[in-house]
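Student: The structure that follows is given in the form of structure tokens.
The values are calculated or read from the model by the stated rules, or taken from the named source; none is laboratory data. Values in this document were obtained by computation on a predicted structure and should not be read as measured data. Heads up, the Cβs are rebuilt from the backbone with ideal geometry, glycines too, and the neighbour counts pull from every protein chain shown.
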Amino acid sequence: MEFVWLILIWVVVSWISSLWKQSRREDAQAAQRVQAERIHKIILEGFGKMLGFISKADGHISKVEVEVASGCLRSLGLTEEEYQFCARAFNDVRNASPGSFGMYASQFASVVTQEARTLLYEMLWIVAAADGVLADAEDRLLREAAGYLDVGDMLYLYFRRRYFGTGNGQAHGGQPQESELDKAYARLGCSPSDTDGALRSAYRKLAMRYHPDRLRAEGMPEGMVAQATRSMAEINAAWDVVKKERGL
């Protein structure tokens, strides 16, 4: 009889333990879902808000800036619901400017990969160039954005050359007014004074960062993968120019 009671107690304890473990798993899964939803919201809000801030940096938001910002968001391959969420975030800045650029940029940078930060940073330049002029306020914000998003000063210089050349902030259709070699060094985030080893290292890091297969494996939207594919083509072309010049 005592043995039977021990068996019953063991069964009850095992059952309670099983229920407790299941409850813990469900709680953990629920917490993960909540965290994933929070990160998703930060990402979508970040895209919308920051595009809104760069559009408004010069004191007004033009129709062409709205259209270009909308095109940037559409290029991400978002669902209609996600796009509308981003659009509302953009309009919040347009109408009231809640919070600050730095706040949203820092939140965004804390939850996304380097690829997403770089993609957003280029979108900021695309919107800034939409009206053909880089205002001083836009330039300052783009410099600050490079720091908030942790993309590096070299990328600021590269995009400035790419969209506005080396002149006084007048857009030139996206074609850099400099030699192909200078452009290639800038795209690699390097300078002519860097060693061959430093150049190879920089290229490998960029190739790893932008490789489309890696982004797909991380679950990135196809729009971001397409953007990364274009960036990878630019990086490869820049590396070819530098290799040829150095005889590597």
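Student: In this structure, does Ala130 turn out to be assigned by TED's automatic domain parsing to the domain that holds Arg74 and assigned to a loop (DSSP other than H, G, I, E, B)?
Tutor: For Ala130, the condition - assigned by TED's automatic domain parsing to the domain that holds Arg74 and assigned to a loop (DSSP other than H, G, I, E, B) - is met.
Student: Check the stretch 67-78 and report whether any residue there is in a loop (DSSP other than H, G, I, E, B), out of contact with any Ser or Thr (no Cβ under 9 Å at 6 or more places or on another chain) and charged (D, E, K, R).
Tutor: Looking for residues that are in a loop (DSSP other than H, G, I, E, B), out of contact with any Ser or Thr (no Cβ under 9 Å at 6 or more places or on another chain) and charged (D, E, K, R), one finds none in the stretch 67-78, hence no.
Student: One residue is enough: does the stretch 142-149 have a residue meeting the conditions acidic (Asp, Glu), within 20 Å of Arg162 (Cα to Cα) and modelled with pLDDT of 90 or more?
Tutor: Yes, that holds for at least one residue.
Student: May I ask you to list the residues in the stretch 52-73 that are touching a residue at least 24 places away in the same chain (Cβ under 8 Å) and either in contact with a strand residue (DSSP E or B) (Cβ under 6 Å, 6 or more places away or on another chain) or under 19 Å from Ala228 (Cβ atoms) (or both)?
Tutor: Cys72, Leu73
Student: Only one of these is of a type in the set (D, E, K, R), under 19 Å from Leu119 (Cα atoms), assigned to a helix (DSSP H, G or I) and modelled with pLDDT under 75: Arg162, Arg230, Arg209. Name it.
Tutor: Arg209
Student: Looking at Gly59, Gly71, can you tell me which residue is under 17 Å from the mean Cα position of the chain (by Cα) and small (Gly, Ala, Ser)?
Tutor: Gly71
Student: Sticking with this one: Could you list, in sequence order, all residues of the stretch 42-100 that are acidic (Asp, Glu) and exposed (fewer than 14 other Cβ atoms within 10 Å of the Cβ)?
Tutor: Glu67, Glu80, Glu81
Student: I'd like the residue in the stretch 186-201 that is touching a helix residue (DSSP H, G or I) at 6+ places or on another chain (Cβ under 9 Å), of a type in the set (A, V, I, L, M, F, W, C) and assigned to a helix (DSSP H, G or I) and, out of all such residues, is nearest to Tyr158 (Cα to Cα).
Tutor: Here the residue is Ala186.
Student: To continue, here is another question. What single numbered condition from (1) without any contact (Cβ under 8 Å) to a residue 40 or more places away in the chain; (2) exposed (fewer than 15 other Cβ atoms within 10 Å of the Cβ) fails to hold for Asp139?
Tutor: The single condition Asp139 does not satisfy is (2).
Student: Looking only at the stretch 98-111, decide whether some residue is within 12 Å of Gly48 (Cβ to Cβ) and hydroxyl-bearing (Ser, Thr, Tyr).
Tutor: For the stretch 98-111, residues within 12 Å of Gly48 (Cβ to Cβ) and hydroxyl-bearing (Ser, Thr, Tyr): present.
Student: Could you please let me know if Glu138 is acidic (Asp, Glu), in contact with a Gly (Cβ under 9 Å, 6 or more places away or on another chain) and either part of a helix (DSSP H, G or I) or more than 28 Å from Leu157 (Cβ to Cβ) (or both)?
Tutor: When the stated conditions are applied, Glu138 passes them.
Student: Right, Asp131: modelled with pLDDT under 90, out of contact with any Leu (no Cβ under 8 Å at 6 or more places or on another chain) and at positive phi or not?
Tutor: No.
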